[in-house]
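Here's the structure, in C-alpha coordinates; my notes come after.
The values are calculated or read from the model by the stated rules, or taken from the named source; none is laboratory data. This one's a predicted model, so the numbers in the text were calculated from it and none came from an experiment. Don't worry about glycine lacking a Cβ; one is built from the backbone with ideal geometry, like all the others, and counts go over all protein chains shown. Please note that ligands, DNA and RNA were not included when accessible areas were found on the heavy atoms of the full protein model with its side chains. Shrake-Rupley method; radii C 1.70, N 1.55, O 1.52, S 1.80 Å.
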Amino acid sequence: MLDALALTLPSPPSPVIFEVGPFALRWYGLCIALGIAAATWLTVRELNRRGYDGAMALDALFFIIPLGFVGARIYHVVTDYDLYDGAPHSFFPGVFEVWNGGLGIYGAVVGGFLGLLVFARLRGISALAFA
(Lines give C-alpha, C1' and ligand atoms only; values in the text may rest on other atoms or scores of the structure.)
Protein backbone atom coordinates (compact mmCIF):
# COMPACT_ATOMS: atom_id res chain seq x y z
CA MET A 1 0.00 0.00 0.00
CA LEU A 2 1.26 3.46 -0.87
CA ASP A 3 2.19 5.79 1.87
CA ALA A 4 -0.20 8.76 2.19
CA LEU A 5 2.73 11.19 2.18
CA ALA A 6 3.81 9.93 -1.25
CA LEU A 7 0.48 11.16 -2.68
CA THR A 8 0.81 14.77 -1.55
CA LEU A 9 2.46 17.74 -3.18
CA PRO A 10 4.87 19.76 -1.10
CA SER A 11 3.84 23.30 -0.27
CA PRO A 12 6.05 26.08 -1.58
CA PRO A 13 8.40 27.52 1.05
CA SER A 14 6.71 30.93 0.76
CA PRO A 15 3.22 31.97 -0.38
CA VAL A 16 4.80 34.88 -2.30
CA ILE A 17 6.31 34.23 -5.73
CA PHE A 18 7.85 37.70 -6.06
CA GLU A 19 7.35 41.27 -4.91
CA VAL A 20 7.68 44.56 -6.77
CA GLY A 21 7.10 47.51 -4.47
CA PRO A 22 3.73 47.08 -2.76
CA PHE A 23 2.65 44.44 -5.31
CA ALA A 24 3.15 40.81 -4.31
CA LEU A 25 2.25 37.92 -6.60
CA ARG A 26 1.18 34.94 -4.52
CA TRP A 27 0.80 31.32 -5.55
CA TYR A 28 -2.96 31.23 -4.97
CA GLY A 29 -3.39 34.38 -7.07
CA LEU A 30 -1.42 32.80 -9.90
CA CYS A 31 -3.58 29.66 -9.68
CA ILE A 32 -6.78 31.73 -9.78
CA ALA A 33 -5.52 33.70 -12.81
CA LEU A 34 -4.52 30.49 -14.62
CA GLY A 35 -7.92 28.98 -13.84
CA ILE A 36 -9.71 32.03 -15.24
CA ALA A 37 -7.53 31.93 -18.38
CA ALA A 38 -8.15 28.21 -18.92
CA ALA A 39 -11.90 28.53 -18.36
CA THR A 40 -12.08 31.49 -20.76
CA TRP A 41 -10.13 29.59 -23.42
CA LEU A 42 -12.44 26.57 -23.08
CA THR A 43 -15.52 28.80 -23.18
CA VAL A 44 -14.34 30.53 -26.37
CA ARG A 45 -13.81 27.14 -28.02
CA GLU A 46 -17.17 25.79 -26.88
CA LEU A 47 -19.09 28.91 -27.92
CA ASN A 48 -17.48 28.81 -31.37
CA ARG A 49 -18.30 25.10 -31.67
CA ARG A 50 -21.96 25.81 -30.87
CA GLY A 51 -22.19 28.64 -33.41
CA TYR A 52 -21.98 31.60 -31.02
CA ASP A 53 -19.44 34.40 -31.07
CA GLY A 54 -16.52 33.22 -28.93
CA ALA A 55 -15.60 36.83 -28.06
CA MET A 56 -18.61 36.82 -25.72
CA ALA A 57 -16.49 34.82 -23.28
CA LEU A 58 -14.11 37.77 -22.94
CA ASP A 59 -17.00 40.23 -22.58
CA ALA A 60 -18.53 38.06 -19.86
CA LEU A 61 -15.39 38.38 -17.73
CA PHE A 62 -16.35 42.00 -16.93
CA PHE A 63 -19.42 40.64 -15.13
CA ILE A 64 -18.24 37.28 -13.84
CA ILE A 65 -14.93 38.29 -12.24
CA PRO A 66 -16.11 41.33 -10.24
CA LEU A 67 -19.26 39.61 -8.99
CA GLY A 68 -17.25 36.48 -8.21
CA PHE A 69 -14.79 38.56 -6.20
CA VAL A 70 -17.60 40.30 -4.28
CA GLY A 71 -19.31 36.94 -3.66
CA ALA A 72 -16.05 35.45 -2.38
CA ARG A 73 -15.58 38.32 0.06
CA ILE A 74 -19.21 38.24 1.25
CA TYR A 75 -18.95 34.50 1.85
CA HIS A 76 -15.80 34.97 3.91
CA VAL A 77 -17.27 37.79 6.00
CA VAL A 78 -20.47 35.82 6.67
CA THR A 79 -18.69 32.57 7.57
CA ASP A 80 -15.96 34.27 9.65
CA TYR A 81 -18.14 36.98 11.12
CA ASP A 82 -16.39 36.75 14.49
CA LEU A 83 -13.30 38.33 12.90
CA TYR A 84 -15.31 41.46 12.10
CA ASP A 85 -17.73 41.51 15.03
CA GLY A 86 -15.71 43.89 17.15
CA ALA A 87 -16.26 47.54 17.79
CA PRO A 88 -18.68 49.18 15.35
CA HIS A 89 -15.97 51.44 13.95
CA SER A 90 -13.81 48.47 12.93
CA PHE A 91 -16.49 46.40 11.13
CA PHE A 92 -16.83 48.35 7.90
CA PRO A 93 -13.16 49.07 7.24
CA GLY A 94 -12.31 45.47 8.08
CA VAL A 95 -14.88 44.09 5.67
CA PHE A 96 -13.22 45.89 2.75
CA GLU A 97 -9.61 45.05 3.66
CA VAL A 98 -9.22 42.16 1.25
CA TRP A 99 -5.43 42.44 1.37
CA ASN A 100 -5.61 41.08 4.93
CA GLY A 101 -7.01 37.83 3.55
CA GLY A 102 -10.38 36.29 3.26
CA LEU A 103 -12.02 35.00 0.09
CA GLY A 104 -14.29 31.97 -0.06
CA ILE A 105 -14.48 29.78 -3.16
CA TYR A 106 -18.18 28.98 -2.64
CA GLY A 107 -19.05 32.66 -2.66
CA ALA A 108 -16.91 33.16 -5.76
CA VAL A 109 -18.80 30.44 -7.60
CA VAL A 110 -22.20 31.85 -6.61
CA GLY A 111 -21.16 35.44 -7.38
CA GLY A 112 -19.61 34.42 -10.70
CA PHE A 113 -22.76 32.55 -11.66
CA LEU A 114 -24.85 35.62 -10.83
CA GLY A 115 -22.50 37.60 -13.09
CA LEU A 116 -23.09 35.04 -15.83
CA LEU A 117 -26.87 35.39 -15.39
CA VAL A 118 -26.65 39.19 -15.65
CA PHE A 119 -24.42 38.98 -18.73
CA ALA A 120 -26.65 36.41 -20.45
CA ARG A 121 -29.73 38.52 -19.76
CA LEU A 122 -28.09 41.66 -21.18
CA ARG A 123 -26.82 39.83 -24.28
CA GLY A 124 -30.06 37.92 -24.88
CA ILE A 125 -28.42 34.49 -24.74
CA SER A 126 -29.57 31.53 -22.72
CA ALA A 127 -27.57 31.40 -19.49
CA LEU A 128 -27.64 27.61 -19.67
CA ALA A 129 -26.25 27.64 -23.21
CA PHE A 130 -23.53 30.07 -22.18
CA ALA A 131 -22.63 28.12 -19.04
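Under the condition of being hydroxyl-bearing (Ser, Thr, Tyr) and farther than 13 Å from ARG123 by Cβ, which residue from the stretch 39-55 is farthest from the chain's Cα centre (by Cα)?
If we take residues in the stretch 39-55 being hydroxyl-bearing (Ser, Thr, Tyr) and farther than 13 Å from ARG123 by Cβ, then THR43 is farthest from the chain's Cα centre (by Cα).
Within the stretch 8-51, the set of residues being within 19 Å of GLY112 (Cβ to Cβ) and of a type in the set (Phe, Trp, Tyr) comprises TYR28, TRP41.
The condition of being surrounded by 16 or more Cβ atoms within 10 Å (Cβ to Cβ) and in contact with a helix residue (DSSP H, G or I) (Cβ under 9 Å, 6 or more places away or on another chain) holds for ALA108. Selection of the stretch 70-100 for residues being modelled with pLDDT of 80 or more and open to solvent by less than 70 Å² (accessible area, probe 1.4 Å) yields GLY71, ALA72, ARG73, HIS76, VAL77, ASP80.
Would you confirm whether or not the stretch 120-128 contains a residue that is among the hydroxyl-bearing types (Ser, Thr, Tyr) and either in contact (Cβ under 8 Å) with a residue 40 or more places away in the chain or in a helix (DSSP H, G or I) (or both)? No, because not a single residue in the stretch 120-128 is among the hydroxyl-bearing types (Ser, Thr, Tyr) and either in contact (Cβ under 8 Å) with a residue 40 or more places away in the chain or in a helix (DSSP H, G or I) (or both).
The set of residues from the stretch 12-56 being open to solvent by 60 Å² or more (accessible area, probe 1.4 Å), part of a loop (DSSP other than H, G, I, E, B) and farther than 17 Å from TRP99 by Cβ comprises PRO12, PRO13, ARG50, GLY51, TYR52, ASP53.
For LEU61, the stated conditions do not hold, so it cannot be described as under 15 Å from the mean Cα position of the chain (by Cα) and open to solvent by less than 30 Å² (accessible area, probe 1.4 Å).
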